[in-house]
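The values are calculated or read from the model by the stated rules, or taken from the named source; none is laboratory data. If you're wondering where the values come from, they're calculated on a predicted model, not measured in any experiment. Neighbour counts are summed over all protein chains in view; Cβ atoms, including those assigned to glycine, are modelled from backbone coordinates with ideal geometry.
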Amino acid sequence: MKKSQYLIFAIFVGIQSFLLQLVDQVIGTHLVSGGHSGFVFIAFQGWALYFLLGSSVKGAVKGFCGYVLGILFAVIMIGMSAVLPDLKLLTVPLVALIVVPFMMYFEFAPWCISNVAVFFVGAGAFFGVNSYVEGIKMWQSAGIVLLYCILGLLSGWTSIVFRKWLEGKIFSVSVPDSGQIPGKKGIDA
């Protein structure tokens, strides 16, 4: 694809980013009492994960499942921190020392729950929302993270579908008139 043709794709991705920001400002303020937006960072994480996990629906399923497990492990860590004796500075590090090795063994789990790196992304998003939105409940944090994860994964999928469609339009194969070898339109010679 030539740089001038790539501009169409770049503008499309810009429109997607614009829409994600707009959706966050419209719905984000209705997801928690008192209103709040600024959750769109999770959608951008999900969008990036779509590409990092192979730009496929299978990768998106793996990404979503990883977010779910990341949230689950984050909730376990929060719960363990609450029941352990108050070790002050060492409470959370000790919980991490207990939970993370167990979590690492998911590398040997079935394909949809075996990407431990995505667990960390999901847990990080959950901890982030849970920390900066005052008075939020854990189920609200989980719902917000998963909703925005889906928005991001769908954005990644849409980017790929649009790009393939665009490349098909630009590089469509011409039908030869007289015994010529078919060529592709728009390819730089």
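Residues in the stretch 63-102 that are among the β-branched types (V, I, T) and within 25 Å of the chain's Cα centre (by Cα): V68, I71, V75, I76, I78, V99, V100. Scan the stretch 101-116 residue by residue and report those that are aliphatic (A, V, I, L, M) and loosely packed, with under 15 Cβ neighbours inside 10 Å. Within the stretch 101-116, M104, A109 qualify. Only one entry of A82, A123 meets the criterion of being closer than 30 Å to H30 by Cβ, out of contact with any Pro (no Cβ under 6 Å at 6 or more places or on another chain), at pLDDT below 90 and part of a helix (DSSP H, G or I), and that entry is A82. Out of the residues in the stretch 147-189 that are loosely packed, with under 10 Cβ neighbours inside 10 Å and among the aliphatic types (A, V, I, L, M), which is modelled with the highest pLDDT? By that ranking, first place goes to I181.
Residues of the stretch 126-135 that are assigned to a helix (DSSP H, G or I) and out of contact with any helix residue (DSSP H, G or I) (no Cβ under 6 Å at 6 or more places or on another chain): G128, S131, Y132. Close contacts from the stretch 60-72, counting a first residue that is closer than 11 Å to N115 by Cα and a second that is among the polar types (S, T, N, Q) and modelled with pLDDT of 95 or more, with Cβ to Cβ under 6 Å and a gap of 6+ residues or different chains, come to none at all. For the stretch 134-146, filtered to residues that are surrounded by fewer than 19 Cβ atoms within 10 Å (Cβ to Cβ) and closer than 12 Å to V75 by Cβ, the residue that is modelled with the highest pLDDT is W139.
Filter the stretch 17-57 for residues that are surrounded by 15 or more Cβ atoms within 10 Å (Cβ to Cβ), over 17 Å from the mean Cα position of the chain (by Cα) and outside any helix (DSSP H, G or I) and give the result. Across the stretch 17-57, the qualifying residues are L31, V32, H36, S37.
Being of a type in the set (D, E, K, R) and more than 19 Å from W47 (Cα to Cα) is the filter here, so list the residues in the stretch 1-31 that pass it.
K2, K3
With respect to the conditions (1) small (G, A, S); (2) under 28 Å from I27 (Cβ atoms); (3) surrounded by 12 or more Cβ atoms within 10 Å (Cβ to Cβ), S131 falls short on a single one, namely (3). Can you confirm whether the stretch 41-55 contains a residue that is of a type in the set (F, W, Y), touching a residue at least 40 places away in the same chain (Cβ under 8 Å), closer than 29 Å to R163 by Cα and in contact with a Lys or Arg (Cβ under 6 Å, 6 or more places away or on another chain)? No. For the stretch 68-77, the count of residues that are touching a Ser or Thr at 6+ places or on another chain (Cβ under 7 Å) and either surrounded by fewer than 12 Cβ atoms within 10 Å (Cβ to Cβ) or assigned to a helix (DSSP H, G or I) (or both) is zero. Pairs linking a residue in the stretch 2-25 that is over 19 Å from A48 (Cα atoms) to a residue that is surrounded by 14 or more Cβ atoms within 10 Å (Cβ to Cβ), with Cβ atoms under 7 Å and 6 or more positions apart or on different chains, are Q5/I170; I8/L166; Q25/S37.
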